[in-house]
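Colleague: Here it is, the structure in full.
The values are calculated or read from the model by the stated rules, or taken from the named source; none is laboratory data. These figures come from a predicted structure and were not determined experimentally. Counting neighbours? That spans all protein chains shown, and the Cβs are built from the backbone with ideal geometry, glycine included.
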Amino acid sequence: MIGEVRVRVAAGLLFAVLTTLGGAQAASAATTASAVTEVRYACDAHQMLTVQRSRTAASVQFVGRSYDLQRRHSSIGEKYLSPTAALIIDGASAVFVAEDRLQLGQCFEAGRTASAR
């Protein structure tokens, strides 16, 4: 009888702990997924490139244009693609190409801010 009570109490405690941990992980994942980092890059042609990115997407602002890209698996830094543009970020450097833009050369991080969406 006492053994059954201990098992029930232990099972109840285990359930409560797992439920709490699961909720914390879900909240943490939601916060991480919604976190957006904005980085400004100075490029070789004395132009600025602004990138807002999350874990799944990036938005690039360059010379009055905006490009929305989706993150893709890459063995070279972080890669974001759209049908007309590509962005690769590796540490503090970035390379951006688009059908309607000339080659910017290599861009280097000039400033960073983090926000939540």
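Colleague: Can you tell me which residues in the range 67-77 are within 15 Å of the chain's Cα centre (by Cα), under 14 Å from PHE96 (Cβ atoms) and modelled with pLDDT of 95 or more?
Modeller: Taking the range 67-77 and keeping what is within 15 Å of the chain's Cα centre (by Cα), we get 68-74, 77.
Now drop any that are not under 14 Å from PHE96 (Cβ atoms), which leaves 68-69, 77.
Correct list: ASP68, LEU69.
Colleague: Considering only residues that are hydrophobic (A, V, I, L, M, F, W, C) and either in a loop (DSSP other than H, G, I, E, B) or surrounded by fewer than 15 Cβ atoms within 10 Å (Cβ to Cβ) (or both), which ones fall in the range 50-106?
Modeller: If we filter the range 50-106 for residues that are hydrophobic (A, V, I, L, M, F, W, C), which is where we start, we get 51, 57-58, 60, 62-63, 69, 76, 81, 85-89, 92, 94-98, 102, 104.
Correct list: ALA57, VAL63, ILE76, ALA92, VAL97, LEU102, LEU104.
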